[in-house]
């Protein structure tokens, strides 16, 4: 058994197909100075073609996994517009009289070597994106064909030194059982995409193989634990076949729960809603039994465009979502850009710490006309269903009051025009920065509900960027400080008599259920893929027992104690066969 990095969960068993490395034959002769203009034209044409191709791939991939994961290709488009990268290429052509393809290859090698010298694993993995974009550009400049995958329909385990997002986007998940990469880790774009597609992936096997994998080798990969087994014996193959079949059987059994109410054994009712970024994600969530939308990330309506969406465009989407959800509620979060989310047509300032900078509600309050357009669309849609609205990244009373004042202006405009809207539209805020937690009692007097965004809250409380492999081990969602922040928020909401829900990744983590039962948080919102797992966990949990475990967690002092206790409780009580007794 060879130990790598488990980058995408699941077990895969099958024969290997080894993807050849990129190999290019470059012209050795220099370009005649009088022909430099032709080389620049070839370069610019290659860039235009590459951009069109990336946009097409992005659109196709978005249809499969949604806009959040497909936004990976925005980084590729940005590289082709990066002035430093392009200046390097043009300088080589202009000063050294080299062909466009040679200049591109040398620029790729230069930047990849520079990234590889960095200690930051996250930045090293971004070198894959540069190579991906550069190889696409080289392909067009050289007129080379794509590296082809097997032409038959037999499923295989794909093996590559590194797999670019573009290559992964072209894979058919029905034929790819699993993926092995020599390079990369959990934060690579390919790993993110593999998880979105549900393909097991083991990464980081460079220098760990005594003999290289050959096409046709029989392999087992365990993406949960990061294990690779080459040419296993019969007993090992049979063992992992059972594990794989159980995983498949469990997925099928879970789907039977889509119409079942989420209720503990001792009759405590939980409402499980979904986080969505698009109507396509909503359809998936409703298929899995989501009771409404706990977080509609509206920023994705603003992406993949050349201009801001109009009021009418937004209204139609919000109306459609409200109508599809029916009697359940839809919580629409106002625009949350900045940080790692950018718009091609809206220039954000260069910032040393963008996650602490010009983003979310700060942008909306600065760009009031843009903000009013969205608020108008939400209010107009509110007559078509059970819509709620919330503001992101609130850190002060002043921000809440200013946002509500803008909302009041929009209401007055609609009144003057005689346009109907829900006059009792609930307005809430995201609790995701420590400042909001510390004044949660004050904030609760200003709004109708809280939604705890645990992803950002953990990151800000612990000052840890979870996408940075160097410090990812410090990202602890069950850290005593985080648990205290959550408890304080819930207590403030309950004291003020307003609703409180959780919409971050902790909501979709089965281990967290005892915490919510102890705190009396009955509203959770999570990714569509997590709904059935959390529902299954709820159905097989006794609330009174879970609360005892949670009480101990809130008393713990050491960082890993709570995670250990919650995991042990899950392992002890989880029931494998879903359709059994009161489940």
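Just so you know, all these numbers are worked out from the coordinates, no wet-lab data involved. Just so we're clear, the structure is a prediction, and the values are computed from it rather than from any experiment. Cβ sites come from the backbone with ideal geometry, for glycine too, and all protein chains shown count toward neighbours.
Key figures for this structure:
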{"item": "Per residue Cα convex hull volume in Å³ - calculated over the stretch 316-400", "result": "116"}
{"item": "Burial ordering of 278, 562, 258, fewest other beta-carbon atoms within 10 Å first", "result": "258, 278, 562"}
{"item": "Rg(Cα) / (2.2 N^0.38 Å) computed for the chain, rounded to two decimals", "result": "1.04"}
{"item": "P(r), alpha carbons of the stretch 231-336 - 10 Å bins starting at zero, rounded %", "result": "12, 31, 23, 17, 12, 4, 0"}
{"item": "Cα-based Kirkwood hydrodynamic radius, the stretch 221-267, one decimal, Å", "result": "13.3"}
{"item": "Sorted by Cβ density within 10 Å, fewest first, the residues 547, 251, 136", "result": "251, 547, 136"}
{"item": "Order of 409, 53 under a 10 Å beta carbon neighbour criterion, fewest first", "result": "409, 53"}
{"item": "Three principal axis lengths of the stretch 256-573 [C-alpha, angstrom, descending]", "result": "59, 45, 37"}
{"item": "Where the Cα pairs of the stretch 331-447 fall when distances are cut into 5 Å bins, in %", "result": "2, 11, 21, 22, 19, 14, 8, 3, 1, 0"}
{"item": "Degrees separating the helix 311-325 axis from the principal Cα axis of the chain, which is the longest one", "result": "60"}
{"item": "Simple spin-label estimate for residue 242 and residue 305 in nanometres, 7 Å along Cα-Cβ", "result": "5.4"}
{"item": "Percent antiparallel among DSSP beta bridges (both partners in the stretch 256-573, rounded to 5)", "result": "10"}
{"item": "Solvent-free Debye scattering, log10 I(q)/I(0), computed from the Cα coordinates of the stretch 471-555 at q = 0.18, 0.26, 0.27 Å⁻¹", "result": "-0.82, -1.43, -1.46"}
